[in-house]
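First the structure, in the form of structure tokens, and then the observations on it.
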Amino acid sequence: MKRLGLRLFFALALPAVLVAGWWLASADSTDVYWPPLRTILTAFPDVWTGERLRDDVLPSVLRLSAGYASAAVAGIAFGTVIGSYRRVRAACEPVLEFLRAVPPPVLVPVIMLFAGIGDTMKIAVIASGCVWPILLNTVEGVRAVDSVMSETARSYGITGVARLRHVVLRSASPQIFAGLRQALSIGIILMVISEMFAASNGLGFTIVQFQRSFAIPDMWTGILLLGLLGVLLSLLFQLVERRALGWYHGLRASSRRSQ
């Protein structure tokens, strides 16, 4: 119980200090673009009503989920193939390095030409940025599979799908989840950017509309909501990661205790 209390204290201490500092620094502000924090918090429940959450936040979350899931499937599938075969990796590496270096926001106008301005474009933009950390981490994770483990599995007749599932992907899963974590933050950024182009709803669209109409406190409430959404998704990801990698965290904990 004491350990849990300490963890909660360290998790909440810095956010509390930052909020208190923001409150004090902005308390007497008369700048139109830098309103007091109390004004922003007062406007928050009036701006983000149930209807606006349904019409703007929910579509954003659905686009993010679709783009992120597409990137995860493609990144893990192609990363497994590339990481498993040296010749495929040698052939693909120059192209991967080139494509990875292209910033995803630059592709927005290009994707709009082919996918239009609807949800397909926004999902494609999110997927185009999220796929790279997942793919590259999967490649490195598959390459790092212990050769002794692979040979042992082969000697016991564990081949094909069983080997892929129980040996390759299981061994590479810590690094795959590292790529998934990186991709989540990239996906949130690209979700907002994609909604700033030819959109009619979504968090990014709403924040820009507030800015253009000089509703500055309302704009700040959108930024706060975006940050809260990021924290919530991060916590959800941690729960999934701990469940999926329970064996890995247990192994590390036992290794630390033995030292």
Of all helices (runs of 4 or more DSSP H) completely enclosed by the stretch 116-229, which ones contain at least 1 residues that are of a type in the set (Gly, Ala, Ser) and either closer than 30 Å to VAL57 by Cα or touching a residue at least 12 places away in the same chain (Cβ under 8 Å) (or both)?
119-143, 147-155, 169-194, 203-212
Check the stretch 212-224 and report whether any residue there is of a type outside the set (Lys, Arg), surrounded by 18 or more Cβ atoms within 10 Å (Cβ to Cβ) and over 27 Å from PRO35 (Cβ atoms).
no
Check every one of the helices (runs of 4 or more DSSP H) wholly within the stretch 1-111 and list those with 2 or more residues that are under 30 Å from ILE123 (Cα atoms), open to solvent by less than 30 Å² (accessible area, probe 1.4 Å) and touching a residue at least 12 places away in the same chain (Cβ under 8 Å).
58-84
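The values are calculated or read from the model by the stated rules, or taken from the named source; none is laboratory data. As the structure is a computational prediction, the values presented were derived from the model and not from experiment. Don't worry about glycine lacking a Cβ; one is built from the backbone with ideal geometry, like all the others, and counts go over all protein chains shown. Keep in mind that these areas ignore ligands, DNA and RNA; they rest on the heavy atoms of the full protein, side chains included. Shrake-Rupley method; radii C 1.70, N 1.55, O 1.52, S 1.80 Å.
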